[in-house]
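Each remark here refers to the structure printed beneath this line.
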Amino acid sequence: MSGEQIKRPRGRPRKFDKAVALKIALDLFRQKGFDNTSLEDLTRALDLNRPSLYAAFGNKETLFQEVLQAYISGPSAYFHEVLNEHSSTEMVRTLLTKSIELLFYNETPYGCLVVMSTASEQLQKTGIQQQLVNALQTHQQKLVACFERAKQTGQLKHTADPERLALYVVTLHKGLSLQAINGSSKEALLALVDQVIELWPVAT
């Protein structure tokens, strides 16, 4: 049913703010994951009936794609911004700290949309899951490049392995999301970031 397309009614004004609707849908997908978010959940949260939901967004998958694009260009845009940090140490600290702030922006912590969606069986069938996996791999390679530059400029120890460091940071980044939704406090996760920085292989 979620993949069914219903023609949009012509000349009928929408009675909702699309940006607000996308934010509400984002919170639902982050909280429950794509597979566990039902059409009933969406229609109730958005205060729309099914025909209106289809008229506005097409179907559940196309709604998710719009939410994903808004998420990448909005709340999670920090990932690309931190790559411009001059220090690899500050880049890692900022990346992980901003990730935690995003997870806890609401009273109830929500998971990272991308991390929550990479395990989706439904999205795997549509090809969206593979797009997310590819995006994560691209992000990891960008981190590798950053750490290679940091090593070449003497910021990191000569024994530091950029590939392993990038994998380490990506694993931490994913883990923060799971820990948040499983009950870890914001303070505990920020303390973990401090420990990561203390152990960072800075050249001396």
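The values are calculated or read from the model by the stated rules, or taken from the named source; none is laboratory data. Quantities reported herein were computed from a predicted structural model and do not represent experimental measurements. Backbone-built Cβ (ideal geometry, glycine too); neighbour counts: all protein chains shown.
Just a few scattered comments:
- The set of residues from region 95-108 being of a type in the set (S, T, N, Q) and at pLDDT 95 or above comprises just one member, Thr97.
- Flag if Tyr71 is within 28 Å of Val193 (Cβ to Cβ) and either out of contact with any Phe, Trp or Tyr (no Cβ under 8 Å at 6 or more places or on another chain) or among the small types (Gly, Ala, Ser) (or both): yes
- Selection status of Val114, at negative phi, modelled with pLDDT of 90 or more and β-branched (Val, Ile, Thr): no
- Spans of helices (runs of 4 or more DSSP H) in region 80-156 with at least 3 residues of a type in the set (A, V, I, L, M) and under 13 Å from the mean Cα position of the chain (by Cα): 88-103, 113-117, 128-152
- Yes/no for Lys157 being touching a residue at least 40 places away in the same chain (Cβ under 8 Å), at negative phi, among the charged types (D, E, K, R) and touching a Gly at 6+ places or on another chain (Cβ under 9 Å): no
- Residue match in region 161-174 (condition: in the same structural domain as Tyr105 (by TED's automatic domain parsing), modelled with pLDDT under 95 and either basic (Lys, Arg) or more than 18 Å from the chain's Cα centre (by Cα) (or both)): yes
- Residues that are among the charged types (D, E, K, R), assigned to a helix (DSSP H, G or I) and surrounded by 13 or more Cβ atoms within 10 Å (Cβ to Cβ), drawn from region 159-193: Glu163, Lys174, Lys186
- Selection from region 79-103 of residues that are under 18 Å from Lys23 (Cβ atoms) and either crowded, with 17+ Cβ neighbours inside 10 Å or hydroxyl-bearing (Ser, Thr, Tyr) (or both): Leu102, Leu103
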